[in-house]
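A quick write-up on the structure given underneath.
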């Protein structure tokens, strides 16, 4: 039997009805479009959260890399406690959640036309754009340190080959060698990160190269969870770790990659292994599209995460100026969820509510020994401010059982956040 075909009259009538509706009505029926640039914890979490908030919103994630290598727990890799492949996450599950993944780099944005330009020359239209570019290393800020120098004095602050390079250098170092870590001034990604790294490298040295020593040259006079770290160092690594503060000449002002020498105002340190963590700024595209200010970071509205410089563009994660809220994967995930809720409201013509955000940061000092710090934040005076009386750190005198629980909590948190972003 031949299939029934529509008559010419019905086709013409349908076209006429469409013409009578007009273009504005057709546009009104189209789903709101959100494009997300960047597939790290902030971007991928936001894409997932927005689909959960409102499945009627069309979400497109723009990310050129086939997989993401997570920074949290990457210090475990450096210390030989974890394999790098356990840090790798792909995007293959996102389309099943209704997210379109575009494996391209976003090279520019036309904010007036609300259009993203891709590396292959293609474009994506949006109603709201979210930028989650993470960090860029500010190689201009430290004389002698650039991308080439990082191959000799790795930063390992963007997980991947740099992580493995630092690990290999530690493995190759002779027992009795000096390891030097240079920690930058704030703000930078993961404030407790250099000190967790120092702790786990110290664990490696104590276990495999006990005659070695580690020095932290710091551009600050204090650091996150300081009392907890220092108490643990005293108990676990006596005489192995030396922390040199800003006031005592800890700020590195120049490096010589060829000799692995770090120069401060009060002297120089020639290292067998040098881990230089340079100053940072928002990812490159942030400056290109005008959402980064003179600080290198992106000012945002703390309720909607909309850029204060370019309307219609929202910034989440490490790139944003978060006030009291630190730059961390937990923060990126919290930004993503709060911004998704605000976007769902804005795109449906509703006023977004005021968010309350939480950050918890776990650090491993040794296998089975974890410490943490937590904070609660809400909008105040145009920034995210601490909620007074909320949050705090692990008890200074906690027993070993509590330290073991905190270490387990940190690993469980990592499983949760990676599932929320990529699963």
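Descriptive notes on the structure:
- For the residues 134, 392, 349, a GNM of the chain with alpha-carbon springs under 10 Å puts the largest fluctuation on 349.
- Convex hull of Cα atoms in region 235-274, direction-averaged projection (nm²): 3.5 nm²
- Estimated Rh, region 57-105: Kirkwood, alpha-carbon pairs, angstrom: 12.3 Å
- Region 241-329 - Debye-derived log10 I(q)/I(0), Cα point model, q = 0.12, 0.13, 0.21, 0.23 Å⁻¹: -0.56, -0.62, -0.91, -1.01
- Between residue 171 and residue 66, the contour length at 0.36 nm per residue exceeds the Cα-Cα span by 34.9 nm.
- Computed from label points 7 Å out along Cα-Cβ, the spacing between residue 242 and residue 55 is 6.2 nm.
- Candidates 207, 123, 304: whichever shows maximal mean-square fluctuation once the chain is modelled as a Gaussian network with Cα springs under 10 Å: 207
- Fraction of the pair-distance distribution of region 306-401 above 18 Å, Cα-Cα pairs, percent: 53 percent
- Here the simple spin-label model places points 7 Å from the Cα toward Cβ, and for residue 112 and residue 138 these points are separated by 3.2 nm.
- Calculated on alpha-carbon atoms, Rg and Dmax of region 126-255 in Å: 16.1, 60
- Helix 329-347 and the longest principal axis of the Cα set of the chain meet at an angle near 20°.
- C-alpha long axis of helix 400-422 to longest principal axis of the chain, angle in °: 30 degrees
- Here the chain carries DSSP beta bridges of which approximately 55% are antiparallel, counting only pairs with both residues inside.
- Which of 208, 269, 314 has the fewest Cβ neighbours within 10 Å, and the rest in rising order: 208, 269, 314
- Among 41, 248, 330, the residue with the largest mean-square fluctuation in a Gaussian network model of the chain, with springs joining Cα atoms closer than 10 Å, is 248.
- The chain: angle of helix 226-236 to the longest principal axis, Cα-based, in degrees nearest 10: 50 degrees
- The relative contact order of the chain, computed from alpha carbon pairs under 8 Å that lie at least 6 residues apart in sequence, is 17 percent.
Rule-based calculations on the coordinates, nothing more; no lab input. Just so it is clear, the structure is predicted and the values come from calculations on it, not from any experiment. With ideal geometry, Cβ positions are generated from the backbone for all residues, glycine too; neighbour counts draw on all protein chains shown.
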